[in-house]
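The values are calculated or read from the model by the stated rules, or taken from the named source; none is laboratory data. Remember, predicted model here, so these are calculated numbers, not experimental data. All Cβ positions, glycine included, derive from the backbone under ideal geometry; neighbour counts span all protein chains shown.
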Amino acid sequence: MRHTSRNRFGALAAATLLAGAGAVMTTGTPAYASAPAAPLAGVFHPIKNVGNNKCLQPAGGSTGEVAIVQSACTGALAQQWQFLKVTNSGYHLINQLSGLCMYMNGPVAAGSPIAQVECTTVSNEEWKSTPAPPEIVTLMSRAGHRDTNLCVDVPGGQADEGLGVQIFGCNGTLAQRWIAGFQ
């Protein structure tokens, strides 16, 4: 289990948002970067596979560190994701229900499963969206803070309910094409 503080990430996100917006609290008091980051309304959207029309969510709609699976799209909070820009070419994909980040859970190799874990600066949580959302995209792992040519993939392009997604060599098939950033 990792022991990196989630508050550090939340403070950084809050500072970035507040600096860009020049935000103040409703009392007129300046907002400080130490305030925890709250989910932003309107920024969470499903990630839906083009090939089988299934949405990504944590297994069983869990808020724990579990596998990311495909499931019939219901609009549930577990199926809502925020693309949070963390580097020039990378995003954290944050689940609305759990507040956890999508994570390549294994070696940087084809077939490694994808899970959700506490958001940190670990490079296995960084994803490159091509093109940027909202759009039909491919999601490439940026493990090691570099392009890996390994993309979020539905194994065999199957439509099985609850099937865990993996990373696999980017190949442009429908199993790796995602509708992201739309309701």
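Mind checking which residues of region 42-74 are more than 16 Å from the chain's Cα centre (by Cα) and not in a strand (DSSP E or B)?
V50, G51, N52, N53, G60, C73, T74
List pairs: first residue in region 56-78 and farther than 14 Å from L93 by Cβ, second residue exposed (fewer than 15 other Cβ atoms within 10 Å of the Cβ) and of a type in the set (D, E) anywhere in the structure, Cβ distance under 9 angstrom, at least six positions apart or on different chains.
As it stands, the answer is V69/E161; Q70/D160; Q70/E161; S71/E161; A72/E161, since those pairs meet every condition given.
Would a scan of region 80-96 turn up a residue that is in contact with a Cys (Cβ under 8 Å, 6 or more places away or on another chain), part of a loop (DSSP other than H, G, I, E, B) and more than 24 Å from A159 (Cα to Cα)?
no
Which members of region 136-183 meet the condition of being assigned to a helix (DSSP H, G or I), aliphatic (A, V, I, L, M) and surrounded by 15 or more Cβ atoms within 10 Å (Cβ to Cβ)?
A143, A175
With under 15 Å from the mean Cα position of the chain (by Cα) and modelled with pLDDT of 95 or more as the only criterion, which of S141, S112 stands out?
Of S141, S112, the one residue that is under 15 Å from the mean Cα position of the chain (by Cα) and modelled with pLDDT of 95 or more is S141.
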